[in-house]
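To start, the structure itself, in structure tokens.
The values are calculated or read from the model by the stated rules, or taken from the named source; none is laboratory data. Quick caveat, the model's predicted, so the values are computed rather than measured. As a convention, Cβ positions derive from the backbone with ideal geometry for all residues, glycine included, and neighbour counts pool all protein chains shown.
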Amino acid sequence: MRISNYGTGSVVKTGIICLAVFITGILLPQPGGAILSVIALFFLLFTLFFYRDPDRLVPDEPEQIISPADGVIVLKQTIDHPVTGPGSTLVSIFMSPFNVHVNRIPFDGQVRDVRYHQGKYLMAFDHRSMSDNERMETTLDTSAGAIWFCQVSGFLARRIVCELVTSQQVSAGGRFGMIKLGSRVDISLPSTVKVTVQQGMKTKAGETVLGEVR
């Protein structure tokens with residue numbers, strides 16, 4: 001199982017702590033010590049599971065917009081967006097702690113802007129989190145027009161990882177970061193894109209097609 005580079009430090013730290021607790025549990029009187037060792041093993045396995053980074057088969061159609069996150073679509077609506085313009089479609093993807101949390105580029109383009117905002121830590125499925133929570137906003141200039149997406153931290157999440165920098169050329173399906181623990185990713189697509197997904201659908205980053213350029 002591949003472990004994401006974004007989580008290597010966390011996995012090593014958790015592994016050291018869990019190993020120490022596991023050994024302590026073996027040395028303690030039983031059955032209490034055994035229970036402690038099992039708990040330590042559980043947390044280690046969950047950490048490895050959380051930071052997994054499976055390969056994805058990226059669609060080869062150049063006009064398709066790809067999901068930036070694993071999860072379930074909790075919101076789809078038409079909006080007038082300050083970056084992507086009038087008649088845009090906003091798609092919000094909720095990521096539970098059991099989803100793969102590595103984020104991927106939705107479309108070929110060039111990074112225009114990357115902007116970090118401090119904020120609250122509301123539950124990620126609360127739509128107020130889009131504007132109130134800690135978040136990282138990215139704008140891509142693409143052949144379909146500007147595409148905007150935002151990594152939003154959740155109630156448990158306390159760290160957003162984003163490797164993108166201004167003027168960087170990116171390709172659809174490429175890894176660019178992650179959000180640790182429960183979170184969401186919002187993406188606004190311009191009116192030039194026909195969005196084909198619906199609210200309630202499950203997505204896989206780098207594989208699920210959100211829509212196509214008209």
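Of all residues in the stretch 164-181, those that are in a loop (DSSP other than H, G, I, E, B) and at pLDDT 95 or above total 9. Going by the conditions given, is residue 75 surrounded by fewer than 17 Cβ atoms within 10 Å (Cβ to Cβ) and out of contact with any strand residue (DSSP E or B) (no Cβ under 6 Å at 6 or more places or on another chain)? No: the conditions fail for residue 75. For residue 149, the stated conditions do not hold, so it cannot be described as within 14 Å of the chain's Cα centre (by Cα), hydrophobic (A, V, I, L, M, F, W, C) and within 15 Å of residue 100 (Cα to Cα).
Only a single item in (1) farther than 22 Å from residue 57 by Cα; (2) in contact with an Asp or Glu (Cβ under 8 Å, 6 or more places away or on another chain); (3) β-branched (Val, Ile, Thr) is not met by residue 196, and it is number (1). Looking for whichever is over 17 Å from residue 205 (Cβ atoms), assigned to a helix (DSSP H, G or I), of a type in the set (Lys, Arg) and under 23 Å from the mean Cα position of the chain (by Cα) here; the options are 13, 76. Which one fits? That would be 13, the only listed residue that is over 17 Å from residue 205 (Cβ atoms), assigned to a helix (DSSP H, G or I), of a type in the set (Lys, Arg) and under 23 Å from the mean Cα position of the chain (by Cα).
If you check 211, 200 for being over 19 Å from residue 83 (Cα atoms) and touching a residue at least 24 places away in the same chain (Cβ under 8 Å), only one passes: 200. Considering (1) in a strand (DSSP E or B); (2) surrounded by 15 or more Cβ atoms within 10 Å (Cβ to Cβ), the lone condition that residue 83 does not fulfil carries the number (1). All of 136, 123 fail the test of being at pLDDT below 95 and outside any strand (DSSP E or B), apart from 123. Of the residues making up the stretch 45-72, those that are over 18 Å from residue 208 (Cα atoms) and either surrounded by fewer than 16 Cβ atoms within 10 Å (Cβ to Cβ) or modelled with pLDDT of 95 or more (or both) are 45, 46, 48, 49, 52.
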